[in-house]
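Below is one structure, written out as structure tokens; comments come after it.
The values are calculated or read from the model by the stated rules, or taken from the named source; none is laboratory data. Keep in mind it's a predicted model, so treat the numbers as computed, not measured. All Cβ positions, even for glycine, are placed from backbone atoms using ideal geometry, and neighbour counts span all protein chains on display. The area values use the complete protein model at the heavy-atom level, side chains included, leaving out ligands, DNA and RNA. Shrake-Rupley method; radii C 1.70, N 1.55, O 1.52, S 1.80 Å.
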Amino acid sequence: MIYDNHNRPITYLRLAVTDRCNLRCFYCMPEEGIKYLPKHQVLSYEEMERLVRILAQLGVQKVRITGGEPFVRAGLMPFLHRLAALDGLTDLSLTTNGVLTAPHVADMAALGVRSVNLSLDTLDRERFRKITRRDELPAVLKTLDALLKSGIQTKINAVVMDGQNIEDLIPLTELTRHLPVDVRFIEEMPFNGEGSHYPVLNWTHQRIIREIREHFPNIEKLPDPPFSTSSNYQIPGHQGTIGVIAAFSRTFCGTCNRIRLTAQGTLKTCLYDNGVLDVRAMLRTGATDEELTAAFLQAFAHRPRNGFEAENQRATVTESMATIGG
Ligand code: SAM
Ligand code: SF4
């Protein structure tokens, strides 16, 4: 196991397999004028598999596939099969918007995908269309249904946005009554490719839970698992749970065990940093496994203490969450 310079183990990789997406969520991407990476600048599956193998040897046990939308990249399922066979990985998970996912759920369950985070900010078709700028709610609900039937642990990610989906807080919470689903409400971060929409964050993690508590006064706090980014709750008698992720307030950095590889092969050791290592350049100039290992260890030894320190070390955040690898 490798520990960083703040004594936090590095055990979790979030791997963005593409920066492309079939939705245009307004908190993530501008509606038009997105400059996607040319294909040759995106890591190949072979390059990604090599990096995951090296990182697994260094102690990474969990890999979450993300993007962009993972399922818009051709060949995703064969890649997942190869990752599932790697030594050392105990948890292969995915984050998806669910538009193209349903037909692959049975295969994912068969190869042992541990959990899927499904992004679903609203249960209302018109609000969904407004937020994502596409009319795809029925396809996403089909994926939710398939996931729940498959036995794969299913989490719903809902970004909480002032003036957009506040009326969905309670209906989404209600889903936990009869479904074994973890609904996680996420503070909006300024990663929409254009800078922040709001001068201040109105819907903080405290306010989100206050609002839910008003409707469910008996909601109970659950113990949070180690390295959890969410603060977890349950309403007595409900099958599922509620989580609140202080993504902008950054209350969880002290136990952060995660690193990111963007689709273009940049290593990020904090969500808020500007990229700390150009891994693609190393791969494509013939670096050996030993040289890559040494570069990773060097980066882990210089992690910022928290997201505020990382943000202070760079110019204003302008990139999209789809580029960062959410
Ligand atoms: N396309 C996939 C999806 O939407 O699930 C995976 C990539 S997406 C960038 C990963 C997660 O980041 C999604 O749950 C999305 O809601 C979240 N996200 C994107 N932009 C965000 C922002 N500005 N603030 C908070 N969460 C954001
Ligand atoms: Fe696409 Fe996911 Fe970003 Fe929405 S949040 S635009 S689905 S990458």
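The residue that is farthest from ligand 1 (Cβ to nearest atom), among those in region 56-93 that are of a type in the set (Gly, Ala, Ser) and in contact with a Ser or Thr (Cβ under 8 Å, 6 or more places away or on another chain), is 59. When region 1-46 is limited to residues that are small (Gly, Ala, Ser) and within 28 Å of residue 284 (Cβ to Cβ), the one that is least open to solvent (accessible area, probe 1.4 Å) turns out to be 16.
With respect to being part of a helix (DSSP H, G or I) and within 14 Å of ligand 2 (Cβ to nearest atom), residue 71 fits the description. Checking each residue in region 163-189 for being in a loop (DSSP other than H, G, I, E, B), open to solvent by less than 20 Å² (accessible area, probe 1.4 Å) and of a type outside the set (D, E, K, R) picks out 165, 181.
Within region 225-240, being farther than 23 Å from residue 162 by Cα and more than 18 Å from the chain's Cα centre (by Cα) holds for 234, 235, 236, 237, 238, 239, 240.
Scanning region 217-260 for residues that are within 16 Å of ligand 2 (Cβ to nearest atom) and either over 30 Å from residue 43 (Cα atoms) or of a type in the set (A, V, I, L, M, F, W, C) (or both) returns 245, 247, 248.
Filtered by the rule that a residue be in a loop (DSSP other than H, G, I, E, B), of a type in the set (A, V, I, L, M, F, W, C) and over 18 Å from residue 174 (Cα atoms), region 96-128 gives 99, 100, 113. Of the candidates 298, 313, the single residue that is surrounded by fewer than 21 Cβ atoms within 10 Å (Cβ to Cβ) and at pLDDT 95 or above is 298.
Considering region 141-162, and only residues there that are small (Gly, Ala, Ser) and not in a helix (DSSP H, G or I), the residue that is least open to solvent (accessible area, probe 1.4 Å) turns out to be 158.
Which of the residues that make up region 241-263 are among the small types (Gly, Ala, Ser), open to solvent by 30 Å² or more (accessible area, probe 1.4 Å) and either over 25 Å from residue 16 (Cα atoms) or under 17 Å from the mean Cα position of the chain (by Cα) (or both)? Once the filter is applied, which keeps residues that are among the small types (Gly, Ala, Ser), open to solvent by 30 Å² or more (accessible area, probe 1.4 Å) and either over 25 Å from residue 16 (Cα atoms) or under 17 Å from the mean Cα position of the chain (by Cα) (or both), region 241-263 yields only 249. When residues in region 9-50 are screened for being in contact with a Gly (Cβ under 8 Å, 6 or more places away or on another chain) and more than 16 Å from ligand 2 (Cβ to nearest atom), 6 of them pass. Please specify each residue of region 53-94 satisfying the condition of being surrounded by fewer than 23 Cβ atoms within 10 Å (Cβ to Cβ), out of contact with any Cys (no Cβ under 7 Å at 6 or more places or on another chain) and of a type in the set (Val, Ile, Thr). Across region 53-94, the qualifying residues are 54, 90.
Could you please let me know if residue 29 is closer than 30 Å to residue 137 by Cα and of a type outside the set (Gly, Ala, Ser)? Spelling it out, residue 29 is indeed closer than 30 Å to residue 137 by Cα and of a type outside the set (Gly, Ala, Ser).
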